[in-house]
Every structure is written in structure tokens, then in C-alpha cells.
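Trainee: Pasting in a structure now, in C-alpha cells, and then I'll have a few things to ask.
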Amino acid sequence: MPKQARSRVTRRHLLDAAITCLAEHGWAGSTVAVVAERAGVSRGAAQHHFRTREDLFTAAVEFMAEERSAALPALLRESTGTETAAGSGRAAVVEALVDLYTGPMFRAALQLWVAASHEEQLRPRVAELEARLGRETHRMAVQLLGADESVPGVRETVQGFLDMARGLGLANVLTDDTARRARVVAQWTRILDATLG
């Protein structure tokens, strides 16, 4: 395998391992050495790709969020036959967007947010990352839901839905919230159908 390809593979392994470590061990238990070991590379190789711990973990959360965002339209095409809610059930779109806030990627991001609240050098980086990902998620939700934000109240309804989805993700961190989440998702689908038409 050429050197550049090996480098890309190593970087990807490090990013995947960083997400897994953050989700499983939190910030305190996720060092560069722990991530390197999980990725099957040396600590020196990890530091070649990511100069600092903060570089590694912010890059990992950003990369995984971008991967999930890129995969979402394809998942919706498979389940609904279209990339938007127009002409298909909005429930699949709502469920897919709520799923962004559950699982290892969200757990890892949550750990990074908590660490940023206590670590000065991490806070501005995570705040900027969260703002950018928040804007991108909102843009994607508007597109996938087929929402017309020129209609009064639509922007706020979509943002309220995303805030609710994040809350469901938080509730799911401590307990399996599947049953309650299904009822809340069904209700938000009805609210979005009524508001978005």
C-alpha cells in the first residue's frame, strides 16, 4: 500500500478509536496513548497525525458528524425512496434525524462538551465546532423535512425539533429510552406535519 494511503488508513483508525474511547471512557479516560493502542498504532504515529489531544478529539467528533450527515440522505433514500420528506412519510426523516443524537458519536461529542466546560484550551474549539455542526444539522433538517423557512414559525419549529432530539439523546445516555422516544418521535412527526404541511 502506498505511503499516502497507509497514512489515510492510520488517520481513519485513530478517528474511529477516538470516538469509541470517548464514548466508552469519557474525557478523563481517553488519552492519546489509549486511542493509539485501540487503533493499533504507536503513540508517535498518533502524534504525527494529531499534535495534541484536543486536535485528535475535536477532529474525531467533526469527522464522525460529517460522516453521519453525508450518510443520512442515502439512508433516507433506502427507507423512503427520496432524500426529502416531500412525497413520502415524514416519520422516517424524523426518526433518522433523532438517531443522529443517539449512539457512540453523540456520546463522544457529549464527553467533549463536558470536558470543554472545564478546560479553557478546549472550550473555544468545541464551541466553534458545535456552532458549525449545529448550523449544518439545521440546514440538513430543513432540506430533508422539505421545510419552507420563509413561512413564519417554521424555522423555530425545526430548531425546536432538533433541540428535542438532542434532549432525547441525553435521556438515552443513562437509560434505554427507546419506548418513550418512539412516542415522542411520533408526536413530533404530527407537529411537523401540521406545521410544515
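Just so it is clear, none of the values below were taken in a lab; they were calculated from the coordinates. Please read all numbers here as calculations on a predicted model, not as lab measurements. Please note: Cβ atoms are built from the backbone with ideal geometry, for glycine as well, and neighbour counts cover all protein chains shown.
Trainee: As a test of the formula, what do you get for the chain when each DSSP H run with n ≥ 4 contributes -39,500 (n - 2.57) and the sum is divided by the residue count, at 222 nm and rounded to the nearest 500 deg cm²/dmol?
Mentor: Taking each H run of at least 4 residues, the total per residue is -26000 deg cm²/dmol.
Trainee: Note the listed values [x] 55, 40, 32; [y] 63, 36, 27; [z] 42, 42, 33, then indicate which one is Cα extents along the principal axes in Å calculated from this particular structure.
Mentor: Evaluating Cα extents along the principal axes in Å on these atoms matches [x].
Trainee: Something else about it: Students often check this: by mean Cβ neighbours within 10 Å, which of 57-65, 146-154 ranks highest, and how do the rest follow?
Mentor: Highest-to-lowest ranking by the protection proxy: 57-65, 146-154.
Trainee: Against the longest alpha carbon principal axis of the chain, how many degrees, from 0 to 90 and to the nearest 10, is the axis of helix 123-145 turned?
Mentor: 40 degrees
Trainee: A further question on this structure: Report the local net charge at SER30: Lys and Arg +1, Asp and Glu -1, summed over other residues whose C-beta lies under 14 Å from its C-beta.
Mentor: That works out to -2.
Trainee: Can you order the peptides 178-186, 47-55 by their average number of other Cβ atoms within 10 Å per residue, highest first?
Mentor: 47-55, 178-186
Trainee: To the nearest 10 degrees, how steeply does helix 178-196 sit against the main Cα axis of the chain, on a 0 to 90 scale?
Mentor: Taking Cα atoms only, the helix is inclined about 50 degrees.
Trainee: With the contact rule set at Cα under 8 Å and sequence spacing of 6 or more, what percent relative contact order holds for the chain?
Mentor: Details: 186 pairs, mean separation 43.2, N = 197.
In percent, rounded to a whole number, it is 22.
Trainee: Let me ask something additional. Can you find, among ALA18, LEU170, MET1, the residue farthest towards the positive end of the dipole of the chain? Put +1 on the C-beta of Lys and Arg, -1 on that of Asp and Glu.
Mentor: It is MET1, whose Cα lies furthest towards the positive end.
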